[in-house]
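Worksheet: the structure to be examined is printed underneath.
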Amino acid sequence: MTRVLAACALLCAIVFAFIPGRAAAQSGPITMRIEGPGSQLSTIAVSGLKNLGGDDDHHIGSAFVSTLRRDLDLSGYFRIIDPHAYIEDPQTSGFELGQFNFADWRSINADFVVKGSVTASDSGVKLTAYLYDVAQQRRMMGKNFTGDAGDVPRMARRFADAILEASTGQKGPFDSKLAFVSTRGGRFKEIYTQSIDGQDLFRLTGNPTINLFPSFDRSTRYVLYLSYKSMSPALYLADLNERRETRIDSPHGLVIGGTLSPDGEQIVAAIERDGVTNLYLLTRDGAEIRQLTDTSGINVSPAISPDGESLAYTSDRSGTPQIYIMSLAGGDPHRITYSGDYNTTPAFSPKGDKLAYQSRVNGRFDIWTIPVGGGDPVQVTDGNGSNEYPSWSPDGRYLAFSSTRGHNSQIYIMMVSNRKIISALTEGDGNDSCPAWSGWLGE
């Protein structure tokens, strides 16, 4: 029983449519350089959308604009100009090149401006958005979208991703989801999902117990999580499309954690028996494929590489919890971490070349990164509060993690290159932890 509790303690401590059209890019890329916290950001104005019919109360246009402003602010690349400073009225000015005065935007020191239009009818919403370079007086990029009114916030996220691609050469991460654990609304830990900008909050679980460790497959159709809702721990695979779930048990012992493979077809489960916890590869239905680890200690916190070929996990085989990597096909593991006496919750970057993990220093955890082949680790959080459960954005530029820097535990977003903590992604009563950042949503 003592080893069972030790394994659980270790585990808990680490515990629509887009249509390209005439709004195509016309010329070369915008260039920006972000060097670190306090760097000068590019200024951008996001104008209201011109109503071409059916949006007289501007509800649809406002949903697009507010979501886009939030996402661009979260990107860490832009300073959003206060709309009260805008000179132009979007309903009386044009949105096409030659239909508005760039001087109105230059006068408020805008480097870039977003303008567009919206048409709404019983058949749906048609929305056009353009990104303009104010200094060069040219259109940099544009997109056309169609869908329902409920699709408009996602249109904004996709346009934010396109702005980042035009401005940095790499698609942004906002057309994705965040899963996390929260005690909001009570003392129990439930699994929630939301958009990265905080909208579309959905409670996945609703049981008076503990639910932990959500993980997505690449398609974001499935979420795997651990729950004690049947009084003993078990994994549950939730199908978000069909609103059903499958319980994953094992004849080898108690399932106390796990993760889902990128293709959604396999599960690596941490299974405890007689005080020993080892990792097993299972099918999505829970059938055993092979045992992956075989030690007399604790092996937990599995993470599968983006190509589905490697497994990172935490093991105490050296005497203290450290990060190891092995082939998912089996074989000997390779120890990755040597600095620190408590390293856990590894997460592969989207390219599979780095791991993020948490390491305990002076009683608190901080987030570190390290190459998958080993090497010198880099501390990326600043020791403010306890910082845990790193999860990479799909573009690899950001990390989501939970932190107690604001007293309660919340989910924060960080730009990895300059270690800049941009903002909290969750808010409200209760504690939020265990973030899992999905891949990009399907077209």
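The values are calculated or read from the model by the stated rules, or taken from the named source; none is laboratory data. Just so we're clear, the structure is a prediction, and the values are computed from it rather than from any experiment. Methodologically, a virtual Cβ is constructed for each residue, glycine included, from the backbone with ideal geometry; neighbour enumeration extends over all protein chains shown. When the accessible area is computed, the model is the full protein with side chains, heavy atoms only, and any ligands, DNA or RNA have been set aside. Shrake-Rupley method; radii C 1.70, N 1.55, O 1.52, S 1.80 Å.
Somewhere in the stretch 239-257, is a residue small (Gly, Ala, Ser), surrounded by 18 or more Cβ atoms within 10 Å (Cβ to Cβ), assigned to a strand (DSSP E or B) and out of contact with any helix residue (DSSP H, G or I) (no Cβ under 8 Å at 6 or more places or on another chain)?
No, that holds for no residue.
List the pairs whose first member sits in the stretch 360-375 and is farther than 14 Å from Gln322 by Cβ and open to solvent by less than 50 Å² (accessible area, probe 1.4 Å), whose second member is among the basic types (Lys, Arg) and modelled with pLDDT of 95 or more, and whose Cβ atoms are under 7 Å apart, counting only residues at least 6 apart or on separate chains?
Going by the 7 Å Cβ cut-off, the qualifying pairs are Thr369/Lys354; Val372/Lys354.
So the check is Cβ under 8 Å with 6+ separation or different chains; which pairs have a first residue in the stretch 334-354 that's farther than 12 Å from Ser310 by Cα and hydrophobic (A, V, I, L, M, F, W, C) and a second one that's outside any loop (DSSP other than H, G, I, E, B) and open to solvent by less than 20 Å² (accessible area, probe 1.4 Å)?
Ile336/Ala312; Ile336/Gln322; Ile336/Ile323; Ile336/Tyr324; Ile336/Pro346; Ile336/Leu355; Ile336/Ile370
Does any residue of the stretch 273-280 turn out to be open to solvent by less than 10 Å² (accessible area, probe 1.4 Å), in contact with a Pro (Cβ under 7 Å, 6 or more places away or on another chain) and small (Gly, Ala, Ser)?
no
If I filter the stretch 170-229 down to residues being β-branched (Val, Ile, Thr) and assigned to a strand (DSSP E or B), which single residue comes out as nearest to the chain's Cα centre (by Cα)?
Looking at residues that are β-branched (Val, Ile, Thr) and assigned to a strand (DSSP E or B), I get Thr193.
Return only the number of the condition from (1) exposed (fewer than 15 other Cβ atoms within 10 Å of the Cβ); (2) under 22 Å from the mean Cα position of the chain (by Cα); (3) among the hydrophobic types (A, V, I, L, M, F, W, C) that Phe348 does not satisfy.
Against the list (1) exposed (fewer than 15 other Cβ atoms within 10 Å of the Cβ); (2) under 22 Å from the mean Cα position of the chain (by Cα); (3) among the hydrophobic types (A, V, I, L, M, F, W, C), Phe348 comes up short only on (1).
Quick one: in the stretch 71-101, which of the residues that are part of a helix (DSSP H, G or I) and open to solvent by 70 Å² or more (accessible area, probe 1.4 Å) is nearest to Lys171 (Cα to Cα)?
Of all residues in the stretch 71-101, those part of a helix (DSSP H, G or I) come to 71-75, 83-85.
Subsequent filtering for residues that are open to solvent by 70 Å² or more (accessible area, probe 1.4 Å) retains 73, 84.
On the way: Asp73: 16, His84: 30 Å.
If we take residues in the stretch 71-101 being part of a helix (DSSP H, G or I) and open to solvent by 70 Å² or more (accessible area, probe 1.4 Å), then Asp73 is nearest to Lys171 (Cα to Cα).
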